[in-house]
Structure formats: C-alpha cells, structure tokens
Amino acid sequence: MTDEQEYVNPFQAEELARGYDAFYETPLGATVDRLEKRLIYRLARPRAGETALDVGTGTGHWAIDLARKGLKVTGVDTSEAMLAVARQKSAAVAWQRGDAQALPFADYSFQLVLAVTTLEFVRDPQVALAEMARVTAPGGRMVVAVLNASSRWAHFYKAQAEKQETPFAHAHFFVPDEFVVLLSRWGKPTWSSAVFIPPTGRGLAAADIIEWLGQTGCHFVGPLFRCRHRGALLVGRVDR
Ligand SMILES: C[S@@+](CC[C@H](N)C(=O)[O-])C[C@H]1O[C@@H](n2cnc3c(N)ncnc32)[C@H](O)[C@@H]1O
C-alpha cells in the first residue's frame, strides 16, 4: 500500500461482523479454536484477577474467554461493527473503540496484552507492537498471534481472496522469521505455531496427534509435518 492510498479496515462491514463467529460453530472451526486456545493459553498463562487488553478484539472471542477466566479485560478495536457484536455478547468486558497504533491507554496499564490475528490488518505492525509494549506493565507480557504465510491456510485464504471479496485480500501474512524478528525488538520471544490440520478439514479426527507431531517437529513423517514453522497460527510471547 502506498501512503496515498487510504487504508480501509475490511472489518467495518456490518454483515461481515454479524457472520464473523459462524466459523467457530462448524466442526472444523471448533477444533481450530480448541487448538489455538491450547497454544495461546500455554504461552499467555492468564491468571484470574489480572488486567488484560485484547487488541483488535473484533467480536470479543478472546476477550470474553479471558473474562470468563476471571481477568479484568478491556477489548479495543477500530471497527464499530465488530464492537457492536461484542457488546451484545458480553457485558463482562470493557469495550472501547481505538486504534492499535495509538492505544487510548496510559503506559503500563495491563499485565497481559494480547493481539490475535490483528497485526495482519494494521497499517503499521511495528507501531502497533510499540504501543502494545508501552501499555504492558513491567513484569507483564505481550502475546501476539498472526496467520502464517508458510501455512496451507494462508495459501487457502489468498486463493479465496482472488475469487471473492474477503478481508484476507487486505491482509499481510507473516513468515515465521519475519514474525520472530518483529517481536524480538521488544524482548526475546518464545514462540510456536498451532493448527496443523489443513483448511479442507482432512485429518480432523486425528487433529490432536497431528498437532503434537507438528509442534514437536517430526521432519521424518513427511512434508505435512514440518515442525512449528508450518502451523496456521504463529504465536509469540514477549516478557516485559
Ligand atoms: C481477523 S479479526 C480478529 C478479531 C479477534 N482478535 C479474533 O481473533 O477473533 C481482525 C480485527 O482487527 C481489527 N483491526 C484492524 N485494524 C485495527 C487497528 N488499527 N486497530 C485496532 N483494531 C484493528 C479489525 O477491526 C478486526 O476486528
């Protein structure tokens, strides 16, 4: 994108916002969600009573789950349409309109700062990460999850975006090395990836074993399981 082109957040559309959660209702979506939660929470280690910020909260999928775990959660997003859905789903989260690149919070406000599939859609991910670092309390952590450009899911989303208008036409997918370098500016990242089943849903019944093989790195099994560089969702944690 050039500076002259105005950036439009594709998630402003009401219809898209209303249908956003439907994927989680499918068998594939429910499994993907379970696998993503397992890794994100393994890295984030959320604890009841902590303050948390969910950046690019969307319809509040993560923010609401963290609130259920007893955290005091704020969800921030630029899309009023996505926030409207989130507000209808839960009053347990403080929903706020705001830009990840200029977070409307004081320095060191949150113990856990999370962003799940948000940086792909932000104009300047470096600025967003700097803002996340700014609002993370000393001793707190940032946990960032992005779609992996080296995964079959990214290829699927790109192919889909060539045929129809989807938000992924506007997304920047990250390769693992790029992701790790991006996070390293804020501390030494701990990272892995989740979701090794393909978007076709093939292998769904064996999703857990495929996940284990993927995350532990079994090169000998074949090209399907090339360790943490191939999972659909790259997840990294940086301690502050
Ligand atoms: C793919 S959705 C992810 C939503 C949620 N994190 C989840 O995992 O379900 C991306 C979200 O990022 C939001 N977003 C995009 N650019 C943003 C920005 N500059 N500041 C805050 N939110 C932004 C979009 O409005 C959208 O809700």
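Results, tabulated for the structure shown:
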item	result
15 Å reach of a label modelled at Val127, 7 Å along Cα-to-Cβ, counting backbone N of segment 63-105	78, 98-104
Charge context of Leu183, other residues only, Cβ under 13 angstrom, K/R +1, D/E -1	+2
Per residue accessible area in Å² of segment 10-217, where ligands, DNA and RNA are left out and the probe is 1.4 Å	44
Between segment 86-106 and segment 167-194, the Cα center-to-center distance that results, in Å	23
Heavy atoms of Val143 accessible to a 1.4 Å probe, total area in Å² rounded to 10	0
The chain: relative contact order in percent, alpha carbon pairs under 8 Å with at least 6 residues between	19
Equivalent ellipsoid semi-axes - Cα gyration tensor, the chain, angstrom	26, 21, 19
Loop-located trypsin sites (Lys or Arg not before Pro) in segment 82-145 whose Cβ has at most 15 other Cβ within 10 Å (DSSP)	Arg123
In Å², nearest 10: area of Ser109 left accessible to a 1.4 Å probe	40
Length released on extending from Ala137 to Lys158, taking residue separation times 0.36 nm less the Cα-Cα span	3.9 nm
By accessible area with a 1.4 Å probe, ligands and nucleic acids excluded, highest first: order of Asp177, Asp54, Asp33, Asp107	Asp177, Asp107, Asp33, Asp54
Spatially proximal lysines relative to Lys69 (Cα-Cα < 26 Å; intrachain offsets below 8 disregarded)	Lys37, Lys89
Extension gain, Arg185 back to Ala13 (0.36 nm per residue minus Cα-Cα distance, nm)	58.6 nm
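The values are calculated or read from the model by the stated rules, or taken from the named source; none is laboratory data. All values reported here derive from a predicted model rather than from experimental measurement. Glycine also receives a Cβ, built like all others from the backbone with ideal geometry; neighbour counts cover every protein chain displayed. Calculation scope for accessible area: heavy atoms of the full protein, side chains included, ligands and nucleic acids excluded. Shrake-Rupley method; radii C 1.70, N 1.55, O 1.52, S 1.80 Å.
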